[in-house]
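Visitor: Supplied in structure tokens, the structure appears directly below.
Each reported figure results from applying straightforward, stated rules to the coordinates on display, with no laboratory input. Since the model is a prediction, treat every value here as computed from it, not as a measurement. Virtual Cβ from ideal backbone geometry, glycine too; neighbours counted across all protein chains shown.
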Amino acid sequence: MLFGIAAYMLWGLFPLYWPLLKPAGALEILAHRIMWSLVAVLAVLAIRRNWDWIRRLTPRSLGVLTLAAVVITANWGVYIYAVNTGRTIEAALGYFINPLISVLFGVVIFRERLRPWQWLAIGLSVVAVAVLTADYGRLPWIALVLAFSFGTYGLLKKFANMPSAESLTVETTVLFVPALAYAIVLQAQGDATFGHEGLGQAALLACAGLVTAIPLMLFNAAAVRIPLSTIGMLQYLAPALQFLIGLLVQHEEMPPSRWAGFLLVWAALVILTADGVRAGHRTRRAARTPAPLEPVVEST
């Protein structure tokens, strides 16, 4: 439980870290995050002496993880852009919406049948997006891109069926050359901050790899020790912290109409969570109930 709490709290504190990397732009930060994340996960795998998984990597898994790499790159880039341009609350909204997107994917992709309370939660989220669209004067595109990209990423990781450190190694390896090429071009143009804004700036950019890898390792440690239902409850810690940072630290605006949209999203999440808990209890009770005895028919 402590590993899980630590992981989600670190993810929730991300809005305090990325602004420290200014004056680097979002794309430069993203490139360094990719490159140094590869260094960090390779170090973790080296300490574990865990390389056997490479021989078991299939072309299908490689293709799925390459697609996952593209999706998570978009997610990381939009998130960094959001928190560094004063849109942390909208970014937090994306991760509040994410569980609802997962339910929607279940219907569209896996043909799952929704229970009535799940339909109500989806309906409330649609109304919430409409309210927030009226409030912002535009679609809350940052929230929607983050929610759909992270939901898609989780779906692809499910298909790949590979532990997080190993899969992140593949993803960052795929992205390493484009990230390095972009960093070199920035250096050649004289627009890079790495190496030109002091040792502290260079160290902060390099630490982006550790900032990515540490919560991932903590999450991995939690996921193998506690039930997935508990992990599902903990996932709300990160967007809640992000929301509070945007509101109380970065002093972003929250007019009444925006509060109304967020309250609708939170109501949908309460309904979704309560319904999931009830369904889980029913499933466990059914599993514990012994099957009725079959009548014994003697042969003649």
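Visitor: Which chymotrypsin sites (Phe, Trp or Tyr not before Pro) from region 85-152 combine a DSSP loop assignment with at most 10 other Cβ atoms within 10 Å?
Guide: Answer by residue number: 110.
Visitor: Still on this model: Tell me the volume per residue, in Å³, of the convex hull enclosing the alpha carbons of the chain.
Guide: On the way: hull volume 55.7 nm³, N = 300.
Dividing the Cα hull volume of the chain by its residue count gives 186 Å³.
Visitor: Alpha carbon centre of region 211-288 versus region 17-58: separation in Å?
Guide: 26 Å
Visitor: On a 0 to 90° scale, report how tilted helix 256-288 is relative to the longest principal axis of the chain, with both axes built from alpha carbons and the result rounded to the nearest 10.
Guide: Approximately 40 degrees, to the nearest 10.
Visitor: For labels at residue 230 and residue 17 in the simple 7 Å Cα→Cβ model, what's the distance in nm?
Guide: Taking the two extended label points, one gets 2.4 nm.
Visitor: A further question on this structure: Could you tell me which of 204, 241, 100 has its Cα farthest along the dipole of the chain towards the positive end, charges placed at Cβ (Lys, Arg +1; Asp, Glu -1), taken about the Cα centre?
Guide: Towards the positive end, the residue furthest out is 100.
Visitor: Let me ask something else about it. Just flag the GluC sites (Glu not before Pro) in region 161-214 sitting in loop per DSSP whose Cβ has no more than 16 other Cβ atoms within 10 Å.
Guide: Values: sites: 166, 171, 197; in loops: 197.
For GluC sites (Glu not before Pro) across region 161-214 that sit outside H, G, I, E and B with at most 16 neighbouring Cβ atoms in 10 Å, the list reads 197.
Visitor: Report the charge-dipole magnitude of region 2-278 in Debye, nearest 20, computed about the Cα centre from +1 at each Lys and Arg Cβ and -1 at each Asp and Glu Cβ.
Guide: On the way: 17 positive and 12 negative charges, 184 e Å.
Computed charge dipole of region 2-278: roughly 880 debye.
Visitor: Scanning the chain for trypsin sites (Lys or Arg not before Pro) in DSSP loops with at most 15 other Cβ atoms within 10 Å, what's the longest stretch left with none? Present the calculation step by step, with values, prior to reporting the outcome.
Guide: Details: sites that count: 49, 55, 56, 111, 113, 138, 225.
Looking at the chain, 139-224 is the longest stretch - no exposed trypsin sites (Lys or Arg not before Pro) with at most 15 other Cβ atoms within 10 Å.
Visitor: Once fully extended, how much extra length lies between residue 210 and residue 62, figured as 0.36 nm per residue of separation less the alpha-carbon to alpha-carbon distance?
Guide: Numbers: separation 148, 0.36 × 148 = 53.28 nm, distance 2.41 nm.
My answer for the length gained is 50.9 nm.
Visitor: Using 10 Å bins from zero, what percent of all Cα-Cα pairs in region 100-186 falls into each bin?
Guide: Reading the bins upward from 0: 14, 30, 29, 20, 6, 0.
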